[in-house]
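Report on the structure given below.
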């Protein structure tokens, strides 16, 4: 897979991608990450890629011609994404979609925003949530990180990506484990076949700490019961902390 990132701050992203799992994935040639300096496509000797907004207003706006030239230079015909606070909120399902692409282009927005005409040359806008940052580099880095870890061979254990912070399970499977449940029956009647759950609680050594013990089922060696416990706890945590996931 190839990921191209168009940015005003290439050094910021280069330093991030030189660490940990992403760095190893690059060295293994499991992913090719291309950092493109938007200033290379400036129209003047001062490397200016932004200008004052027409109609007045605070801040500076990134120019459409500079961004379009950068996009053309990448030569991607698959998916071009702009990081923007008005975009749809990025989540694990989007990460999974992106991880299956051969080539993804991310444009890190900045300053007051980008010229609206840029939307004619992209496929979609994405956001990390309902808050505003000074630039899109952190968003781009988060997206790349979430994608790379899903690429086969990047993580040592494939199971590490199957049941993690969020995972899907069929309603029927959940009912088999949980038993009769009004909410699940209601969702089933709506035609919902799968729900998303938070990850189950995790424990490691020591077995007992300050009178707090690891659940005995996790020490039993009974894999069927352990699996049942994990799904039960994942369902309970989702109801308690993120019930909205069950309605998605």
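The values are calculated or read from the model by the stated rules, or taken from the named source; none is laboratory data. Just so you know, these numbers come straight off a predicted model, no measurement behind them. Counting neighbours? That spans all protein chains shown, and the Cβs are built from the backbone with ideal geometry, glycine included.
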State yes or no: is residue 31 without any contact (Cβ under 8 Å) to a residue 60 or more places away in the chain and surrounded by 15 or more Cβ atoms within 10 Å (Cβ to Cβ)?
no
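Kindly establish whether residue 224 is within 32 Å of the chain's Cα centre (by Cα), farther than 24 Å from residue 182 by Cα, assigned by TED's automatic domain parsing to the domain that holds residue 176 and in a helix (DSSP H, G or I).
Against the criterion (within 32 Å of the chain's Cα centre (by Cα), farther than 24 Å from residue 182 by Cα, assigned by TED's automatic domain parsing to the domain that holds residue 176 and in a helix (DSSP H, G or I)), residue 224 qualifies.
Across the stretch 111-122, which residue is modelled with the lowest pLDDT among those that are surrounded by 13 or more Cβ atoms within 10 Å (Cβ to Cβ) and either part of a loop (DSSP other than H, G, I, E, B) or out of contact with any helix residue (DSSP H, G or I) (no Cβ under 8 Å at 6 or more places or on another chain) (or both)? Full working, then the answer.
Of all residues in the stretch 111-122, those surrounded by 13 or more Cβ atoms within 10 Å (Cβ to Cβ) come to 111-115, 118-119, 121-122.
Right, trim to either part of a loop (DSSP other than H, G, I, E, B) or out of contact with any helix residue (DSSP H, G or I) (no Cβ under 8 Å at 6 or more places or on another chain) (or both) and you get 111-113, 115, 119, 122.
Details: 111: 62, 112: 73, 113: 89, 115: 96, 119: 97, 122: 98.
The residue in question is 111.
Restrict the check to the stretch 66-74 and report whether at least one residue is under 21 Å from residue 132 (Cβ atoms) and loosely packed, with under 14 Cβ neighbours inside 10 Å. Quick ask: steps written out before the conclusion?
Filtering the stretch 66-74 for residues under 21 Å from residue 132 (Cβ atoms) gives 67.
From the residues that got through so far, the ones that are loosely packed, with under 14 Cβ neighbours inside 10 Å too are none.
Checked against the condition, which is being under 21 Å from residue 132 (Cβ atoms) and loosely packed, with under 14 Cβ neighbours inside 10 Å, the stretch 66-74 yields no hits at all.
Would you say residue 59 is out of contact with any helix residue (DSSP H, G or I) (no Cβ under 6 Å at 6 or more places or on another chain) and at positive phi? Explain how you work it out, then say what you get.
On the way: out of contact with any helix residue (DSSP H, G or I) (no Cβ under 6 Å at 6 or more places or on another chain): yes; at positive phi: yes.
Spelling it out, residue 59 is indeed out of contact with any helix residue (DSSP H, G or I) (no Cβ under 6 Å at 6 or more places or on another chain) and at positive phi.
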Looking only at the stretch 131-151, and only at residues there that are more than 12 Å from residue 84 (Cβ to Cβ) and modelled with pLDDT under 95, the one that is nearest to the chain's Cα centre (by Cα)
131
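Within the stretch 152-201, which helices (runs of 4 or more DSSP H) (wholly inside it) include 1 or more residues that are at pLDDT below 90 and under 24 Å from residue 94 (Cβ atoms)? So that I can check it myself, show each step before the final result.
Working: elements: 159-162, 171-178, 182-189.
Because the criterion is at least 1 residues that are at pLDDT below 90 and under 24 Å from residue 94 (Cβ atoms), the helices (runs of 4 or more DSSP H) in the stretch 152-201 that meet it are 159-162.
Among the candidates 144, 195, 154, 214, which residue alone is surrounded by 11 or more Cβ atoms within 10 Å (Cβ to Cβ) and within 30 Å of residue 53 (Cβ to Cβ)?
Only one candidate qualifies: 144.
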